[in-house]
Amino acid sequence: MSKKWCGTVFCILAFVFSTGCVTTEQQLDDNKTLAQKKFKEALQADSLKQQDKAVVLLKEALELDPTEPNFHFFLGRSYFAQGDLGRAEQEYLTSLKLNNNLKDSYRQLGLIYMQQGHWEKAIHNFREDLDRPGTRQPQQIYNWVALCFYNLGKKNEAEIEWGKALEIKDNAGIRLNLALAYINRERFDQAKDSLLKALSLRPRFSQAHFELAQLYLKEEKKDQAVAHFQKVILYSPRGDLAKKSQEYINLVRPK
């Protein structure tokens, strides 16, 4: 074979190899672009509560671009909405392997573990969220941490976490949780104060009225108890608490 021919073959091979690389890179770019299109369609389906469609589109996006952590996160969120906690957990864990600063994955894992009663794992993941800047509604995270501690029987730790939540923003639901914890520990005066604060924030809060009415019954303040039971019936006439409230009223003021 002549040197001229060898040189020509080498140039052709080099050109083919180079063209192959360009084609591969172009294909990857095309896949990422198509994956983003599928992702946007999935978000639209999710906004319309079309979870099955969202799952299909997210899976298609991941086939095109399996290393995008947000795709795994939103697929996990769709599974979570469907009640498939096992698959949701796996997708959130995968998203964190790809980006360990994806705060919302930690939050969602915490919620999964709460539902499963894995309180320590839930606390760990909520802490991971809180330890990173930009936590959305941190008072709610502290509330969840407190509930986890409470379910572990760690009442003092729970109260500390509820205190942190209330330092950020006062909240009627958190005040109710704290009041229930006080009631459980027979700290009735503190419970009453917490319930009154809850009602100052949310005057139509039926459960707070119900719990406060029972505390007034303990103090034998029947008129105040009945007044709050009546508010339960007024604000939530079809709920179980309304039925119970009427039963208490009948006992306090028999016809």
**Report entry** Any hit, the stretch 104-119, residues being modelled with pLDDT under 95, open to solvent by 40 Å² or more (accessible area, probe 1.4 Å) and outside any helix (DSSP H, G or I)
**Finding:** no
Requested in this report: Look at ALA81 and say whether it is touching a residue at least 24 places away in the same chain (Cβ under 8 Å) and either open to solvent by 60 Å² or more (accessible area, probe 1.4 Å) or part of a loop (DSSP other than H, G, I, E, B) (or both).
Outcome: yes
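Kindly indicate whether ALA42 is under 29 Å from GLN139 (Cα atoms), assigned to a helix (DSSP H, G or I), open to solvent by less than 30 Å² (accessible area, probe 1.4 Å) and at pLDDT 85 or above. I'd like the intermediate steps shown before the answer.
Values: under 29 Å from GLN139 (Cα atoms): no; assigned to a helix (DSSP H, G or I): yes; open to solvent by less than 30 Å² (accessible area, probe 1.4 Å): yes; at pLDDT 85 or above: yes.
Judged against the criteria, ALA42 is not a match.
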Query raised in the report: Among the residues of the stretch 124-141, which ones are closer than 19 Å to PHE80 by Cβ and not in a loop (DSSP other than H, G, I, E, B)?
Result: HIS124, ASN125, PHE126, GLU128, ASP129, GLN140, ILE141
Query raised in the report: Given the conditions (1) touching a Phe, Trp or Tyr at 6+ places or on another chain (Cβ under 9 Å); (2) at pLDDT below 95, and given that LEU217 satisfies all but one, which numbered condition is not satisfied?
Result: (2)
Query raised in the report: For ASN143, are the conditions met, namely being within 22 Å of ASP193 (Cβ to Cβ) and of a type in the set (S, T, N, Q)?
Result: yes
Query raised in the report: Looking only at the stretch 202-229, which residues are out of contact with any helix residue (DSSP H, G or I) (no Cβ under 7 Å at 6 or more places or on another chain) and of a type outside the set (A, V, I, L, M)?
Result: PRO203, GLN214, GLU219, GLU220, LYS221, ASP223
Query raised in the report: If you go through the stretch 1-13 one residue at a time, do you hit one that is outside any helix (DSSP H, G or I) and modelled with pLDDT of 85 or more?
Result: no
Report summary line: Considering only helices (runs of 4 or more DSSP H) wholly within the stretch 142-231, the ones with at least 3 residues that are open to solvent by 60 Å² or more (accessible area, probe 1.4 Å) are 155-168, 188-201
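The values are calculated or read from the model by the stated rules, or taken from the named source; none is laboratory data. This is a predicted model, so every value here is computed, not measured. With ideal geometry, Cβ positions are generated from the backbone for all residues, glycine too; neighbour counts draw on all protein chains shown. All accessible areas refer to the heavy atoms of the entire protein, side chains included, with ligands and DNA or RNA removed. Shrake-Rupley method; radii C 1.70, N 1.55, O 1.52, S 1.80 Å.
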